[in-house]
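Only one structure is covered here, and it is reproduced in the block below.
The numbers here are math on the coordinates, done by the rules we state, and not lab data. Because the structure is a prediction, the values reported are computed rather than measured. Positions of Cβ are backbone-derived with ideal geometry, glycine not excepted, and every protein chain shown enters the neighbour counts.
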């Protein structure tokens, strides 16, 4: 299983992978908002791959302990978008999609490294790459949960008729309570871990298919 045997060594190994995953996730939000016409993230310095401007203490700790977590939200002004609800949906979607893409790229490199590198180099690189895969798949899938303040909530709202979306946004005031309940009840682990494992299997199949083209 992709996320078994959590240990102190694993947590330490995940720190650089976590910094990469969170930085790209939040920078993707900021980039999408900037491209859609909202200068707020750029003005607040969030259009950056520097992890330090994105880290949320509780969300980062949750990532290390539970493999599911979040970063400091990118602030946006939806009224700068031509369609506020659709614009917020696209900005929210950018983060998880970026994590899933990073996970796929790391999986492909991971499989090629096992073939082309020596044991001394391959072992170290594979450990780093595997951590990047695990963290990015976790972040991508977890943030698609349709509860505030996660990205999946805004994505769901963007798919609904405007009247229903406005009503749904009334739940945002209870966001942190709902999120804590999800973490405490381990819903994230029991529901999302199988999904992450499924994506991991698909990524492995893609990597093996690509390798077969070069061997």
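If I stretch the segment between residue 167 and residue 52 completely, what's the gain in nm (0.36 nm per residue apart, minus their alpha carbon distance), one decimal?
37.9 nm
Go ahead and run the numbers for FRET between residue 176 and residue 211, Cβ-Cβ distance against an R0 of 45 Å, rounding to 0.05.
It comes to 0.55.
Run lengths n ≥ 4 of DSSP H only: what is the helix-derived mean residue ellipticity at 222 nm for the chain, with -39500 (n - 2.57) per run over all residues, to the nearest 500? Don't skip to the answer; put the middle values down first.
Values: 9 runs with 147 residues, N = 215.
Calculated from helices alone, the mean residue ellipticity at 222 nm is -23000 deg cm²/dmol.
If each residue's Cβ is checked for other Cβ atoms within 10 Å, how do 56, 38 rank with the fewest at the top? Display every interim value, and only then the final one.
Details: 56 16, 38 23.
Arranged by neighbour count, lowest to highest, 56, 38 become 56, 38.
Which of these, 184, 85, 102, has the largest mean-square fluctuation under a Gaussian network model of the chain (Cα springs below 10 Å)?
The residue that fluctuates most here is 184.
Among 50, 136, 186, which one shows the highest mean-square fluctuation when the chain is modelled as a Gaussian network with alpha-carbon springs under 10 Å?
It is 186.
Could you tell me whether the range 19-82 comes out rounded, prolate or oblate from its Cα gyration tensor? Rule is a ≥ b ≥ c as square roots of the eigenvalues, rounded for a/c under 1.5, then prolate if a/b exceeds b/c, otherwise oblate.
Note, shape of the range 19-82 comes out prolate.
Give the share of C-alpha pairs in each 10 angstrom bin for the chain, from 0 to the last occupied bin, in whole percents, shortest bins first.
Once binned at 10 Å, the Cα pair distances of the chain give 8, 32, 35, 19, 6, 1.
So, in Å, what gap is there between the alpha-carbon centers of the range 120-169 and the range 178-215?
A separation of 11 Å, based on Cα centres.
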